[in-house]
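S.K.: The structure follows.
The values are calculated or read from the model by the stated rules, or taken from the named source; none is laboratory data. Predicted model only: the values in this text are computed from it and were never measured. When we count neighbours, we look across all protein chains shown, and the Cβ atoms used for this are built from the backbone with ideal geometry, even at glycine. Quick note on the areas: whole protein, heavy atoms, side chains included, nothing else; ligands and nucleic acids left out. Shrake-Rupley method; radii C 1.70, N 1.55, O 1.52, S 1.80 Å.
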Amino acid sequence: MKEVKIAPIKNGTVIDHIKPGMALKVMEMLRIDGDARHGVSIAMYANSKKLGLKDIVKVEELELEPDVVNRLAVLTPNATISIIRELKVVEKYMVQLPQVVEGIARCENLNCISNQKEPIISKLIRTSADPPRYRCFYCGRDQENVQNNII
Amino acid sequence: MTLKGRDIINIGDLELDEIELILDISKEMLPVARGEKRSRTLDGKVLASLFFEASTRTRLSFETAMHRLGGNVITITGQEGSSLIKGETLADTIRMADAYSDIIALRHPREGAARMSATFSSAPVINGGDGAGQHPTQTLLDLFTIREELGDIGKQNVTIVGDLRYGRTVHSLSLALGRMGATMTFVAPDMIQMPDHIISDLKGMGAKVKRTTDLKAEIPASDVIYMTRIQKERFAEEEEYRKVAGAYKLQVRMLDDAKKHMMIMHPLPRVDEIHPEIDSTRHAKYFAQAFNGVPVRMALLKLILEGE
Ligand SMILES: [Zn+2]
């Protein structure tokens, strides 16, 4: 695969080192639709020295907040976030697994009350950081694979 | 320490000294539970007993507990519960019950139903069993029964038999016993043995535990034998089920080498894990255990509504 280049952005957020193939899921999770103001560019299956392959998402004119992007850690734990102002990286960090994951992944227990027609959203509580483990707030089930159950 | 206003969802939410307090108050409740003394402790209070699936023993013991303390009961059971499940969300039913009552006892087929209900209710919620999930009042009455019969729970060797893999109530019981320092032996065929994560949690708290398939060999060393039902649905073939279940039944002749004080427990209802001939032996404590559901639930109702 040849190197993919996407144009640098002047102001905004770059989400790099996304697990290959996950870029669209990332957009969905961040509820970024892209419009005239917030232009979005995506590279999928780009070559990376670190990961082999990776996806990249660049969002223009929007500085995403840590508590928003940290939700991505559930999906792609090695993603890095760069905040760009006037073509300069002013802030760069790795996403961090949130302590509480609400409304992002459904509980894998089909008999859980959070998977029924009730006015609640799924809520998973982190029980371990490395390896990342989550437990359902409602039914107490330890989740085998949160990434498989992203809503 | 106070339990006033607390939800009781999962036995793990209770500190050890809180469990001890509940057991102490349960003991004080015995004469009232037996009808030897009268109490008006909860005069004017209302328990909403919401049973969305049948569990006669649990429901009756909650309701008896409230009546014995001079309180009142409003109830949803059986057919009414199942049509409510189809008609409206549990959240809405809970909002209604919260408005009508001071405390809610809930039994529901979905796991996590009690935890969710607690978030919608200002009245405290006691979990009376949610699906294959938690059943903390069962654990409390099990602990109370052992303490009443044998004294210090931490000194006992408890043998737990049957479906140990899927039965979350035996997981809660084991974790509570482990916290109290008891020694445990898990007897089951490999496919339904106690899961590794429970064993490692137990070892993490310093509990002495082992797993085995041989029930008979464990009887002489046991202080308590806790029997549970092996569910047919766990097995692909009827034949396999019968073979397995047959090996985990207690018969009178197996008890010859048992300690004199050894007690047999069962959460009931039983199928045929315990032969009826055992009922009349000194070892049979499962009916006393079922009765203990009343004083233990009385203690909870009192502690949650009135404090100490
Ligand atoms: Zn759940």
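S.K.: What distance in nm separates the two pseudo spin-label positions at A:Ser41 and B:Ser122, each 7 Å out from Cα along the beta-carbon direction?
M.R.: For A:Ser41 paired with B:Ser122, the spin-label model returns 5.6 nm.
S.K.: Students often forget the sequence filter, so: which aspartates and glutamates lie under 14 Å Cα-Cα from A:Lys49 once same-chain residues fewer than 8 apart are removed?
M.R.: Reachable aspartates and glutamates: A:Glu3, A:Asp16.
S.K.: Shifting gears a bit: Please give the charge dipole size of region B:136-290, origin at the Cα centre, charges +1 on K and R Cβ atoms and -1 on D and E Cβ atoms. Round to the nearest 20 debye.
M.R.: Computed about the Cα centre, the dipole is about 380 debye.
S.K.: Let's test the formula: R0 of 35 Å, r as the Cβ-Cβ distance of B:Arg38 and B:Lys155. What FRET efficiency results, to the nearest 0.05?
M.R.: That pair, B:Arg38 with B:Lys155, gives E of 0.45.
S.K.: If you scale each eigenvalue of the Cα gyration tensor by 5 and take the root, what three semi-axes come out for region B:12-73, rounded to whole angstrom and sorted largest first?
M.R.: Semi-axes (√(5λ), whole Å): 20, 18, 12.
S.K.: Next question, about the same structure. Can you sort B:Ile104, A:Ile151 by 1.4 Å-probe accessible area, starting with the largest?
M.R.: Putting B:Ile104, A:Ile151 in descending order of accessible area: A:Ile151, B:Ile104.
S.K.: Separate question: Please figure out what share of the DSSP beta bridges in the protein assembly as shown is antiparallel and state it in percent, rounded to the nearest 5.
M.R.: Around 50 percent antiparallel, to the nearest 5.
S.K.: Another question about this same structure. Find the eigenvalues of the gyration tensor of the Cα atoms of region A:80-141, then list the square roots of 5 times those eigenvalues as equivalent ellipsoid semi-axes, largest first, in whole angstrom.
M.R.: Result for region A:80-141: semi-axes of 33, 14, 7 Å.
S.K.: Can I ask one more? If you take the beta carbon distance between B:Lys232 and A:Lys10 as r and set R0 to 60 Å, what does 1/(1 + (r/R0)^6) give as a FRET efficiency, to the nearest 0.05?
M.R.: About 0.35, to the nearest 0.05.
S.K.: Moving on to the next point. At what distance in nm do the modelled label points of B:Met1 and A:Glu102 sit from each other, each positioned 7 Å from its Cα along Cα→Cβ?
M.R.: Label-label distance for B:Met1 and A:Glu102, simple model: 3.2 nm.
S.K.: Mean residue ellipticity at 222 nm from the helices of chain B, using -39,500 (n - 2.57) per DSSP H segment of n ≥ 4 over the full residue count, to the nearest 500 deg cm²/dmol?
M.R.: -13000 deg cm²/dmol
S.K.: How much solvent-accessible surface does A:Asp67 expose, in Å² to the nearest 10, with a 1.4 Å probe and all protein chains in place?
M.R.: That residue has around 120 Å² of solvent-accessible surface.
S.K.: Averaged over A:105-115, how many beta carbons belonging to a partner chain fall within 10 Å of each residue's beta carbon?
M.R.: 5
S.K.: A further question follows. How would you classify region A:1-98 from its alpha-carbon gyration tensor, with a ≥ b ≥ c the square roots of the eigenvalues: rounded for a/c under 1.5, else prolate if a/b is greater than b/c, otherwise oblate?
M.R.: Rounded.
S.K.: Accessible area, 1.4 Å probe, largest first: how do B:Tyr166, A:Tyr93 sort?
M.R.: Correct descending sequence by accessible area is B:Tyr166, A:Tyr93.
S.K.: Using only the alpha-carbon atoms of the protein assembly as shown, report the extent along each of the three principal axes, biggest first, to the nearest angstrom.
M.R.: 84, 53, 41
S.K.: So how far apart, in nm, are the two label points at B:Met254 and B:Asp196 if each is 7 Å from Cα heading toward Cβ?
M.R.: 2.9
S.K.: Which log10 I(q)/I(0) values does chain B give at q = 0.07, 0.09, 0.13, 0.15 Å⁻¹ under the Debye formula, counting every alpha carbon as one identical point scatterer?
M.R.: -0.27, -0.45, -0.94, -1.21
S.K.: Still on this structure, please answer the following. Set Lys and Arg Cβ to +1 and Asp and Glu Cβ to -1, take the dipole of chain B about its Cα centre, and tell me which of B:Pro189, B:Leu14, B:Ala284 lies farthest positive.
M.R.: B:Ala284
S.K.: How far, in nm, would the chain grow between B:Asp214 and B:Tyr241 when pulled straight, counting 0.36 nm per residue and subtracting the alpha carbon separation?
M.R.: Contour length minus the Cα-Cα distance gives 8.1 nm.
S.K.: Just to check I understand the Karplus step: with θ = phi - 60° and J = 6.51 cos²θ - 1.76 cosθ + 1.60, what whole-Hz values come out for region B:224-236, glycine and proline as x?
M.R.: 10, 10, 9, 8, 9, 7, 8, 7, 4, 4, 6, 10, 6
S.K.: Bin width 5 Å, alpha-carbon pairs only: give the P(r) of region B:136-290 as whole percents, running from 0 to the bin holding the largest distance.
M.R.: 2, 10, 20, 24, 22, 14, 6, 1, 0
S.K.: Quick one: of B:Lys27/B:Lys203; B:Lys210/B:Lys249; B:Lys27/B:Lys155; B:Lys37/B:Lys260; A:Lys123/B:Lys45, which pairs are farther than 24 Å apart, Cα to Cα?
M.R.: From the list (B:Lys27/B:Lys203; B:Lys210/B:Lys249; B:Lys27/B:Lys155; B:Lys37/B:Lys260; A:Lys123/B:Lys45), the Cα-Cα distance tops 24 Å for B:Lys27/B:Lys203; B:Lys37/B:Lys260; A:Lys123/B:Lys45.
S.K.: How large is the accessible surface of A:Asp16 in square angstrom, using a 1.4 angstrom probe and rounding to the nearest 10?
M.R.: My reading of the accessible area for A:Asp16 is about 30 Å².
S.K.: Using a 1.4 Å probe on the protein heavy atoms only, what accessible surface does B:Ser280 show? Give it in Å² to the nearest 10.
M.R.: Counting only protein heavy atoms, B:Ser280 exposes about 110 Å² to solvent.
S.K.: Report, in deg cm²/dmol and to the nearest 500, the calculated mean residue ellipticity at 222 nm for chain A, where each DSSP H run with n ≥ 4 adds -39500 (n - 2.57) and the sum is divided by the residue count.
M.R.: -2000 deg cm²/dmol
S.K.: If DNA, RNA and ligands are ignored and the probe is 1.4 Å, what is the ranking of B:Phe52, B:Phe291, B:Phe120 by accessible area, most exposed first?
M.R.: Output order, biggest surface exposure first: B:Phe291, B:Phe120, B:Phe52.
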